[in-house]
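Heads up, the thing below is written out as structure tokens.
The values are calculated or read from the model by the stated rules, or taken from the named source; none is laboratory data. Computed from a predicted structure; not experimentally measured. Here Cβ is always computed from backbone atoms with ideal geometry, including for glycine, and neighbour counts include all displayed protein chains.
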Amino acid sequence: MCRNQTPTRADESSFAEGDFGISWFSDGMLNVSANCVDRHLETRGDQAAIIWEPDDPEEPARRFTYRQLHEEVCRFAHVLKGAGVGRGDRVTLYLPMIPEAAFAMLACARIGAIHSVVFGGFSPEALAGRISDCDSRIVITADEGRRGGRIVPLKRNVDAAAALAPGLERVIVVRATGGDVAMDPARDAYYDELAAEVSADCPAEAMAAEDPLFLLYTSGSTGKPKGVLHSTGGYLLWAAMTFDLAFDHRPGEVFWSSADVGWVTGHSYIVYGPLANGGTTLMFEGVPNWPTPSRIWEVVDRHRVTTLYTAPTALRSLMKEGDEHVTRTSRASLRLMGTVGEPINPEAWRWYHEVVGEGRCPIVDTWWQTETGGHMITPLPGATDLKPGAATKPFFGVEPLLVDGNGVAVEGEGEGNLCIARSWPGQARTVWGDHERFFQTYFTTYPGLYFTGDGCRRDADGDYWITGRVDDVINVSGHRMGTAEVESALVLHEAVAEAAVVGFPHDIKGQGIYAYVTLNSGEEATDELRQALVKWVRSEIGPIATPDVIQFAPGLPKTRSGKIMRRILRKIAEGEVSPQALGDISTLAEPAIVEELIRNRAR
Ligand code: 6R9
């Protein structure tokens, strides 16, 4: 087994232009898979590492002990090696929520390959872009996925993506549903057939702490999604330590994060955090409200879940179904509950606390980002006073700073843009293939600081309240979406001349997607076209990008230098009907556009 080698160095990072760079524990050595699997074999080899709950509640759940996990990860590692994957190679995973997703991630870590998990809800176009961006030659997928009783044609999507990503050479297909899919014998192979041929033991590569562990694509305010790169040592430490402390992990507990492994929450708190701590992690293939709105609580009861981690949007949608779907279940095993992904409104917080947790479970509202690797601002249960809607206090070593519009730090009580003043181990190291973009995106708005893109308020007790994004990123059902991405998808449609996308408050999703669309001359603004555009965006990006509202507009409000004034579009989308309330519009090239937009508001 690859033994950990304790580093003699810790933080060697700098946010300053000139000697910019992030590095922690640079002379340490470890293997993430050995730490998440092998290290536990002696003490808890027969304990469940992963419990898998299938989409269909009539089907049996599956359990994998640490010993079984070791075998599965080793086999997967050999299969990857057999396909020519080595240290530093990028492996794209496009999988449903099945245990093989965790096996594949840990197998990559075992052999020093870099995984890039792409959420199974993304379209072939979005998948192809992510395969090509990191020159990934191999994709691990499944025949089909299942979610809420519906089939997701994953292999078919990979075939479509392959046509757009010429560098893709190998596709390994996990048989999840057994559905009939087309196989190209020169490129595709079934995982089970390959796995039957290989050994169940595979030594873990010794990796340097600063070697990359994974990359994960996330939306920003401009351009295409960025491949955010995480390190081996710093990331694992951060995932492990935040899991242990924010969730007050105790041996024998069952932890359930209802996220998908396609998001960072699934990386840090379904796979790496729980397993690094020798915990038992629950993986759920389905959705919280299928076949009934009681499903999430039934899963809690069935597996005696002690800690539940979910998103406010899920809580809001279950809350509106009525308390009886909750109260008919026991939930006696629950001890602690958490939320992540977006600000939680106090009403949903109270419902979670009082109806779900019956007042007995603390709630940890954890603020963090793909780029931070793990929790940054979060209560520590039992130690921090909780407030509905507040992420409360920074985690150990985290130095938040609120800055006003002029870049001046706000002291004491007040509001500003949330920055972090110095590095922490779990911080992303770069953007794949574009270190300059990494620096420009996060470290130039306020020189010397990491800028999160979030607004935040600090109250008199020093507690932090995240108020939401202040850049052109919107948060739809806890999923980050760049308005620029939706706009580029829209303008690819032949009828569209120009598009501007903003968020607006949405009862369930938190934010909805509001698109202003200007058509090419000769195109007619019909309901059919509106529906066609919605479908178009879904097929370009995926269902999470579905516009809620499309307003056809004769023109967009622009400054004389041609910059779209989103502030105005946001206000109109929010329901503002008085031109006076929109603030200064005197710099607009055509102020009359604004009244026209208000008159034709789409909601
Ligand atoms: C982990 C994750 C990050 C953005 C972040 C912020 C929002 C996440 C939050 C929260 C308020 C919380 N966000 N947690 N806002 N309270 N507890 O969600 O990562 O997908 O990268 O999104 O989500 O706006 O900037 P990611």
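Observations, loosely collected:
- Long-range neighbours under 7 Å by Cβ, at least six apart or interchain, first residue within 16 Å of V264 (Cβ to Cβ) within the stretch 424-436, second in a strand (DSSP E or B) and of a type in the set (V, I, T): A428/V228; V431/V228
A quick yes/no check of all residues on (1) among the hydroxyl-bearing types (S, T, Y); (2) within 23 Å of V118 (Cβ to Cβ); (3) touching a Pro at 6+ places or on another chain (Cβ under 6 Å); (4) within 13 Å of the ligand (Cβ to nearest atom):
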| residue | (1), (2), (3), (4) |
| --- | --- |
| D211 | no, yes, no, no |
| V228 | no, yes, no, yes |
| T232 | yes, yes, no, no |
| F247 | no, no, no, no |
| R250 | no, no, no, no |
| E253 | no, no, no, no |
| A259 | no, yes, no, yes |
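- Close contacts from the stretch 277-289, counting a first residue that is on the phi > 0 side of the Ramachandran plot and a second that is part of a loop (DSSP other than H, G, I, E, B), with Cβ to Cβ under 8 Å and a gap of 6+ residues or different chains, come to G278/Q47; G278/P251.
- Any hit, the stretch 315-328, residues being farther than 23 Å from D244 by Cβ, of a type in the set (V, I, T), buried (at least 24 other Cβ atoms within 10 Å of the Cβ) and more than 11 Å from the ligand (Cβ to nearest atom): no
- Residue list for the stretch 377-389, filter: assigned to a loop (DSSP other than H, G, I, E, B) and near the ligand (Cβ under 9 Å from one of its atoms): T378, G389
- Residue check for A348: surrounded by fewer than 16 Cβ atoms within 10 Å (Cβ to Cβ) and among the small types (G, A, S): no
- Qualifying helices (runs of 4 or more DSSP H) (wholly inside the stretch 120-222; at least 1 residues being under 30 Å from D434 (Cβ atoms)): 124-133, 154-164
- Candidates G234, G278, G223, filtered to the one that is at pLDDT 95 or above, over 22 Å from E342 (Cβ atoms) and surrounded by fewer than 22 Cβ atoms within 10 Å (Cβ to Cβ): G278
- Answer residue from the stretch 390-400, given it is part of a loop (DSSP other than H, G, I, E, B) and closer than 15 Å to F243 by Cα and is nearest to the ligand (Cβ to nearest atom) among those: F395
Here's the yes/no breakdown for (1) hydroxyl-bearing (S, T, Y); (2) closer than 30 Å to P288 by Cβ; (3) in contact with a strand residue (DSSP E or B) (Cβ under 6 Å, 6 or more places away or on another chain); (4) without any contact (Cβ under 8 Å) to a residue 60 or more places away in the chain:
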{"position": "F25", "(1), (2), (3), (4)": "no, no, no, no"}
{"position": "N31", "(1), (2), (3), (4)": "no, no, yes, no"}
{"position": "E42", "(1), (2), (3), (4)": "no, no, no, yes"}
{"position": "A49", "(1), (2), (3), (4)": "no, yes, yes, no"}
{"position": "E58", "(1), (2), (3), (4)": "no, yes, no, yes"}
{"position": "E71", "(1), (2), (3), (4)": "no, no, no, no"}
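- Of R44, R63, all but one fail to be surrounded by fewer than 18 Cβ atoms within 10 Å (Cβ to Cβ) and under 27 Å from V198 (Cα atoms); the exception is R63.
- From V152, V181, residue being on the phi < 0 side of the Ramachandran plot, in contact with a helix residue (DSSP H, G or I) (Cβ under 6 Å, 6 or more places away or on another chain) and of a type in the set (V, I, T): V181
- In the stretch 540-566, the residues that are within 25 Å of G120 (Cβ to Cβ) and surrounded by 15 or more Cβ atoms within 10 Å (Cβ to Cβ): E540, I541, G542, I544, A545, T546, P547, D548
- If the condition is being of a type in the set (G, A, S) and crowded, with 24+ Cβ neighbours inside 10 Å, then the stretch 66-111 contributes A77, A101, A102, A104, A107, A109.
- Hits in the stretch 401-419 - residues which are within 16 Å of the ligand (Cβ to nearest atom) and of a type in the set (S, T, N, Q): N417
- Residue check, S317 out of contact with any helix residue (DSSP H, G or I) (no Cβ under 8 Å at 6 or more places or on another chain) and among the hydroxyl-bearing types (S, T, Y): yes
- Residue list for the stretch 421-455, restricted to those being β-branched (V, I, T) and either outside any strand (DSSP E or B) or surrounded by fewer than 22 Cβ atoms within 10 Å (Cβ to Cβ) (or both): T430, T441, T444, T445
- Matching strands (runs of 3 or more DSSP E) fully within the stretch 460-554 where at least 1 residues are in contact with an Asp or Glu (Cβ under 9 Å, 6 or more places away or on another chain), among the acidic types (D, E) and away from the ligand (no atom under 16 Å from the Cβ): 496-506
- Checking each residue in the stretch 477-498 for being more than 15 Å from G223 (Cβ to Cβ), in contact with a helix residue (DSSP H, G or I) (Cβ under 8 Å, 6 or more places away or on another chain) and charged (D, E, K, R) picks out only E498.
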